[in-house]
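The values are calculated or read from the model by the stated rules, or taken from the named source; none is laboratory data. Bear in mind the structure is a predicted one, so any value in this text is a computation, not a measurement. Counting neighbours? That spans all protein chains shown, and the Cβs are built from the backbone with ideal geometry, glycine included.
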Amino acid sequence: MAIDGKILARAKEKLEEKRKLKEERYERRLEQAYAGAPQIRVIDAEIRQTMADLVGVALGMNNQGSEEIRSRNLELQEQRYMELRRAGFPQGFLDDEYMCSVCSDTGYDGSKICRCLMELYKEEQRKALSSLLKLGDETFDSFDLSYYDDRPSADTGISSRRIMEIIYETCVEYARKFGKKSMNLFFNGAPGLGKTFLSTCIAGVVAGNGYSVVYDMAAPMFAKFEGAKFGHAENPEETRGEVKRYMECDLLIIDDLGTEMRSAFIVSALYEIINTRLVTGKKTIVSSNLTLDELRSQYSEQIMSRLEGEYQVLTFRGDDIRRKKNML
């Protein structure tokens, strides 16, 4: 499972914010305790001294016995507790426990990302996707098959609703079982049939399971590749970082392929994306309003052979749902 460094950095910032808030709350409680029971301040100073004495013993700088120091520390802790109770403070008022007992609030369990930081990572990933995709009710549960005609087609004998039901079930299963053995998907079909909607649903579920997901429209994605290649981006370092995310994320979703300006560079960049991700085992979903024949006239045979041979092609059928919704 690849970790998106940009998203992880945000998660670490959130963890640090939570640590600081916790420390600030503790400091406020401590000041309340000192104001209500001044002797606690004196006791705390003595406790800190016992800790320093223990360090001195460990470094060979203190001849006092460590057991004696620990015994004194426990006595002071008990005195502190009694002073708090006499002053009317509730039990546990000055307990300063870690938010996470596994990693002691560092975010790492040994060399592994701790579950507490991973939860923040997932949350930041969902926020990033929500901001980019403008998420609303895009969930599998809200996908409405009733917008598709249930009359059998004259050419196939299968209704568009049945075709879309199969595509829907394929997407649900894909999202639920996403992993190293997952296929790459290629969505094609006319505008307004749910390609972006189902891509968004998949992105939400896969990201929620901790995988790194990057979504972008084809045109701005290629613009970033061009900016990184020729160095004319406003922020070259950030642009190179975005390109790296495209290549290394667990799931890349390229929406609206075919709407970008045609050029030899874009054909080359698309081949690099598709081929590199195939070689490295990274998964990709590509969607386009163009037919396979239309795409073939726009891109190289190398690209088309990979899209048709290495991707599961799902052709969306039906009438424009957005238009139907506007008519209601």
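Against the condition hydroxyl-bearing (S, T, Y) and in contact (Cβ under 8 Å) with a residue 24 or more places away in the chain, how does S300 come out, does it pass? Give the steps one after another, and end with the answer.
Numbers: hydroxyl-bearing (S, T, Y): yes; in contact (Cβ under 8 Å) with a residue 24 or more places away in the chain: yes.
Yes; evaluated as a whole, the condition is true for this residue.
R28 fulfils the conditions (1) among the basic types (K, R); (2) closer than 28 Å to P90 by Cβ; (3) touching a helix residue (DSSP H, G or I) at 6+ places or on another chain (Cβ under 9 Å) except for a single criterion, (3).
Restricting attention to the range 142-178, which residues are at pLDDT 85 or above, over 21 Å from the mean Cα position of the chain (by Cα) and of a type in the set (D, E, K, R)? Give the steps one after another, and end with the answer.
The initial filter retains those residues of the range 142-178 that are at pLDDT 85 or above, namely 142-152, 158-178.
Then drop every residue that is not over 21 Å from the mean Cα position of the chain (by Cα), which leaves 142-152, 158-170.
Within the range 142-178, D144, D149, D150, R151, R161, R162, E165, E169 qualify.
The condition (being under 27 Å from A207 (Cβ atoms) and part of a helix (DSSP H, G or I)) is satisfied by just one residue among R323, R245, R296: R245. Residues considered: E83, E119. Of these, the only one that is within 20 Å of the chain's Cα centre (by Cα) and assigned to a helix (DSSP H, G or I) is E119.
Every residue, every condition in (1) surrounded by fewer than 14 Cβ atoms within 10 Å (Cβ to Cβ); (2) under 20 Å from E97 (Cα atoms); (3) touching a Leu at 6+ places or on another chain (Cβ under 6 Å); (4) in the same structural domain as R85 (by TED's automatic domain parsing), yes or no:
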residue	(1), (2), (3), (4)
L8	no, no, no, no
R25	yes, yes, no, yes
Y34	no, yes, no, yes
P38	yes, no, no, yes
D44	no, yes, no, yes
G60	yes, no, no, yes
G65	yes, no, no, yes
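Of the listed requirements (1) over 17 Å from the mean Cα position of the chain (by Cα); (2) under 19 Å from A207 (Cα atoms), S288 misses just one: (2). Per the conditions (1) closer than 20 Å to E17 by Cβ; (2) out of contact with any Phe, Trp or Tyr (no Cβ under 6 Å at 6 or more places or on another chain); (3) not in a helix (DSSP H, G or I), the sole criterion not satisfied by F187 is (1). The sole residue among T50, T106 that is part of a loop (DSSP other than H, G, I, E, B) and of a type in the set (V, I, T) is T106. The condition (being more than 30 Å from L8 (Cα to Cα), among the charged types (D, E, K, R) and in a helix (DSSP H, G or I)) is satisfied by just one residue among R162, R126: R162.
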